[in-house]
Amino acid sequence: MIEMPRAALSLEQKKVYKVKDLAGWIYGRMHSKGLKQEDLAKALNITSQAFSSRLNPKTYEKNKRADPFKYGDLLILFKVLEATDEEILWLMRL
């Protein structure tokens, strides 16, 4: 079997993939914990519409926003969603 070489990703491309990974992880964890976007928005002290916008990767592809969540927001999300140390490292590393 011939293995195809992997294309090197730029830092910007890695960031886009990480934003998508984070959104996917949050959706999955919300589902498994039985939480709604409203619950997480309340924990972050923002509206559910603002939370929904932050989870939409297309917002970042169009450069409308630099990062979906601030560091403090991520700490709150990781606590509420009960992230493991391994998950935090995976989600925070570029």
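At 1.4 Å probe size, with every protein chain present, just tell me what the per residue accessible area of the chain comes to in Å².
Values: 7060 Å² over 94 residues.
Here the per-residue accessible area is 75 Å².
Dipole of the chain, Cα-centred, from +1 at each Lys and Arg C-beta and -1 at each Asp and Glu C-beta, to the nearest 20 debye? Don't skip to the end; give the middle numbers.
Working: 17 positive and 12 negative charges, 78 e Å.
With Lys and Arg at +1 and Asp and Glu at -1, about 380 debye.
If I compute solvent accessible area with a 1.4 Å probe over the protein chains, what percent of it on the chain is carbon and sulfur? It would help to have the intermediate numbers written out before the result.
Numbers: 3830 of 7060 Å².
Using a 1.4 Å probe with all protein chains present, the chain comes out at 54 percent carbon and sulfur.
To the nearest 0.05, how large is the calculated FRET efficiency for LYS36 and ALA7 if R₀ is 35 Å and r is the Cβ-Cβ distance?
Details: r = 38 Å, r/R0 = 1.08.
Efficiency, from the Cβ-Cβ distance: 0.40.
Name the shape class, rounded, prolate or oblate, that the alpha-carbon gyration tensor gives for the stretch 16-94, where a ≥ b ≥ c are the square roots of its eigenvalues, rounded holds for a/c under 1.5, and otherwise prolate holds if a/b is larger than b/c and oblate otherwise. The partial results should precede the final answer.
On the way: a/c = 1.58, a/b = 1.10, b/c = 1.44.
In terms of gyration-tensor shape, oblate.
The values are calculated or read from the model by the stated rules, or taken from the named source; none is laboratory data. None of these values were measured; they are calculated from a predicted model. No Cβ is skipped: glycine too gets one built from the backbone with ideal geometry, and neighbour counts run over all protein chains shown. Each accessible area value is taken on the protein alone, full model and side chains, heavy atoms only, with ligands, DNA and RNA left out. Shrake-Rupley method; radii C 1.70, N 1.55, O 1.52, S 1.80 Å.
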